[in-house]
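A.B. asks: The following block contains the structure, expressed as structure tokens.
The values are calculated or read from the model by the stated rules, or taken from the named source; none is laboratory data. Every value quoted in this text rests on a predicted model; they were computed, and no experiment measured them. Cβ placement follows ideal geometry from the backbone for every residue including glycine, while neighbour counts extend to all protein chains displayed. Side chains included, ligands, DNA and RNA excluded: accessible areas come from the protein's heavy atoms. Shrake-Rupley method; radii C 1.70, N 1.55, O 1.52, S 1.80 Å.
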Amino acid sequence: MTQNTPTPSFGQASFGQAPSGSPLAQAIRASSGQTPAAQCGCAAVLEDSRAQALTLAASSAVIAQQAADALASAATLTWQGEAGERFHATVRKASVLAQDLESGSRGTAGFLDSAEAVL
Amino acid sequence: MSAHVKSRVYGGTGTTTSADLDRFGEVAKALESAALAAERIDGHWQSLPIQLRHRRSAAPFCPKLGGTAASGSVMADGSCVVGGTGGAHVSLDYAAVTSHANARAAEAAKLSSTLQDLSDRIIRAYSLYSNAEHAAARIVGEMLQLGALTEPGYAAGIFAALAGASVLKGSLEEGRFNPIYAVTDSWWAQEGLLAALGTGITNGTGGKAKLHGAVSTNEVNEAAGKISEYLAPLNNAAFGDRLMVTRIRPLHGIGETRTIADSLTNVHDMRLNKVDYGSIAIQRYLRDDGTTAWMVTVPGTDGHFDSPFSWQTNVELMSSDAEQRKAADSARMVDEAMSRAGIGPDDPVAIVGHSQGGIVAATMAADFSDKYNIQHIVTAGSPVANHPIGPNTWVTSIEVNDELVSNLDGAQNPMSPTWLTVRGMSQPLGVERGTAVENTGDGKSITHDMNYMKATWRDAEKLGSTALQGHERHFREVIGGELKETTYWRGRISK
């Protein structure tokens, strides 16, 4: 999401009364663009956040695949009668849910890899 | 809003081979494991936005991450140049990531609950863990019994405190005082504590008593026998023991019995249709092979002092002594009615009974086997675990976990091919899992009621359990044929 409000620089009222030579002021100055942003932690935060979400998306896809495997085994059970029919109908429904989770997880991973994810 | 029950099936036999059961067990485990994994990933997705917020605190003064300011210089890749000095601050689109996380969490949650439901259906339908549950319940019961015999005062105090807390909690949830929670919420301790009480009455609380309690399962029945030695003569002196059985013709009776569900409906209808108290119904069926089969329907305790189904009769029926059981007014009444209806010693007979009616059914099967060919009994909410029923009689027991009455035997029902127990687990108020119980409202009611028994059976039927189907098949075979006649018999006790 793009922010349109200008960033207040150090010394402006919104940052309070921190003395200009303090470590806090330096940190604020670095992060607020008065020194190169390379010194700001935001790039590392971005990468960490992205990595964490990507790892989760990957795990989620694996779990969805494992669920799909378990459901494939369930689909082979011979269970007759009304209860068996209901069981197999639910297995089919759950297989769609597993597919949804897997494709959703892949979609999330794709999003995280794209430029769209970075502001 | 109706109450709900969810059933489990224990014992019985079916057509499923052990190889099939192994396969079903493997699939149930795989589904359960996948359900747990999906549940965990749901939790991770739910907590991701919070964790990312925490990560953002690593750069607390970054205007981009703070989301409070940005210059107008937005780079082509989406990064933002702030202050025009060449420093580019970047941020993940946390709002979009949160939206993704919420969507994945919802998908994982839905998948998890469906997988769990599937696993649960297999486990319940094929009674996969019933042996282990049965053993665990026995251990819990014996431990409680040992504890109660060792420190009876403390045990009584703890139980009273638990019951009081249950009433308080349940009443607060309902918004009105409801003492029924003292019974329903203590179900897990009832069999063990009643067994301890039984042991205490018959053998005291010493070391030998504890040992006896640990190896025995019919402590309550032994105690009932001891109490009956005094109670039965008192009862006879007060209300008499002369039994009169009369054939009656009620305005509304019961319908044909084809299935176990029909038998439950009929035992309930005896009350709903206001058939006179102290009465039973006997149906005669002509089978295809020309033989005659019989269905006997026996309602429960009616509370009238001149009825053979009075409260005090229960104690005699529960005795460990066969002669005491046979002398119980209700057992004598059913015997006489069966005899007068013309049931021969070789005619196949099925009996259904609710509460005391079920104990009578078990007594007839256990103690009148030389007189009648009782091939199948259906008991609903009856404490019959210790009645010595022979292998020629199939027993289908329907119970609800928190109804107290079926726990009065202080033991679990035996598990065997010919003894099937369907146990309904009463769901907390507002939880709509399993099958709805008819005629229940917003408050917790007595779960010993026939509406609960019928719902328990209906829920079990939905499972497609081969064990249950085996019992259903046997029941239908016993009374299979054309209904020829239904007769009604009323018993009265007098001096």
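A.B. asks: For residues that are open to solvent by 10 Å² or more (accessible area, probe 1.4 Å) and among the polar types (S, T, N, Q), tally how many sit in segment B:346-367.
C.D. replies: 1
A.B. asks: I've got another one for you. Is it fair to say residue B:205 is surrounded by fewer than 18 Cβ atoms within 10 Å (Cβ to Cβ) and farther than 25 Å from residue B:326 by Cβ?
C.D. replies: Taking the combined requirement at face value, the residue satisfies it.
A.B. asks: Further question on the same structure: Could you tell me whether residue B:381 is at positive phi and either of a type in the set (Lys, Arg) or open to solvent by less than 10 Å² (accessible area, probe 1.4 Å) (or both)?
C.D. replies: When the stated conditions are applied, residue B:381 passes them.
A.B. asks: Further, regarding this structure: So which residues in segment A:93-111 are surrounded by fewer than 18 Cβ atoms within 10 Å (Cβ to Cβ), under 22 Å from residue A:75 (Cβ atoms) and more than 7 Å from chain B (Cβ to nearest Cβ), if there are any at all?
C.D. replies: Result: A:96, A:99, A:103.
A.B. asks: Within segment B:306-334, can you find the residues that are open to solvent by 30 Å² or more (accessible area, probe 1.4 Å) and over 26 Å from residue B:272 (Cβ atoms)?
C.D. replies: Within segment B:306-334, B:315, B:320, B:321, B:322, B:323, B:324, B:326, B:327, B:332 qualify.
A.B. asks: Taking segment B:253-283, which residues are free of Cβ contacts under 8 Å to residues at least 60 places away in the same chain and acidic (Asp, Glu)?
C.D. replies: B:262, B:269, listed by residue number.
A.B. asks: Can you tell me which residue among B:94, B:129 is aromatic (Phe, Trp, Tyr) and modelled with pLDDT under 80?
C.D. replies: One residue alone meets the criteria, B:129.
A.B. asks: Output the residue which, of all residues in segment B:228-249 that are over 12 Å from residue B:493 (Cα atoms) and of a type in the set (Ser, Thr, Tyr), is most open to solvent (accessible area, probe 1.4 Å).
C.D. replies: Taking the candidates together, the pick is B:230.
A.B. asks: Sticking with this structure for a sec: What are the residue pairs meeting all of these: first residue in segment B:10-21, first residue away from every other protein chain (no Cβ under 14 Å) and in a loop (DSSP other than H, G, I, E, B), second residue at pLDDT 75 or above and open to solvent by 60 Å² or more (accessible area, probe 1.4 Å), Cβ atoms under 8 Å, and 6 or more apart or on different chains?
C.D. replies: B:12/B:417; B:13/B:417
A.B. asks: Also, I was wondering about something else. So residue B:478 clears everything in (1) open to solvent by less than 20 Å² (accessible area, probe 1.4 Å); (2) over 24 Å from residue B:373 (Cβ atoms) except one condition, right? Which one?
C.D. replies: The failed condition is (2).
A.B. asks: How many residues does segment B:455-495 hold that are aliphatic (A, V, I, L, M) and within 12 Å of another protein chain (Cβ to nearest Cβ)?
C.D. replies: Going through segment B:455-495 one residue at a time, the tally reaches 3.
A.B. asks: Name the pairs whose Cβ atoms lie under 7 Å apart, with the first residue in segment B:99-117 and at the interface with chain A (Cβ under 7 Å from one of its Cβ atoms), the second open to solvent by less than 10 Å² (accessible area, probe 1.4 Å) and of a type in the set (Phe, Trp, Tyr), and 6 or more positions between them or separate chains?
C.D. replies: Final answer for the pair search is B:104/B:45; B:108/B:45.
A.B. asks: Being modelled with pLDDT of 95 or more and open to solvent by less than 20 Å² (accessible area, probe 1.4 Å) is the filter here, so list the residues in segment B:447-470 that pass it.
C.D. replies: Those that are modelled with pLDDT of 95 or more and open to solvent by less than 20 Å² (accessible area, probe 1.4 Å): B:450, B:451, B:452, B:453, B:455, B:456, B:457.
A.B. asks: Can you pull out the residues in segment B:407-433 that are open to solvent by less than 40 Å² (accessible area, probe 1.4 Å) and of a type outside the set (S, T, N, Q)?
C.D. replies: B:409, B:410, B:411, B:419, B:420, B:422, B:423, B:424
A.B. asks: Continuing with this model, one more query. Is there any pair linking a residue in segment A:38-62 that is open to solvent by less than 50 Å² (accessible area, probe 1.4 Å) to one that is among the β-branched types (Val, Ile, Thr) and assigned to a helix (DSSP H, G or I), with Cβ under 8 Å and at least six apart or on different chains, and which?
C.D. replies: If the second residue must be among the β-branched types (Val, Ile, Thr) and assigned to a helix (DSSP H, G or I), the pairs left are A:49/B:97; A:53/A:108; A:53/B:97; A:56/B:41; A:57/A:108; A:59/B:41; A:60/A:108; A:60/B:41.
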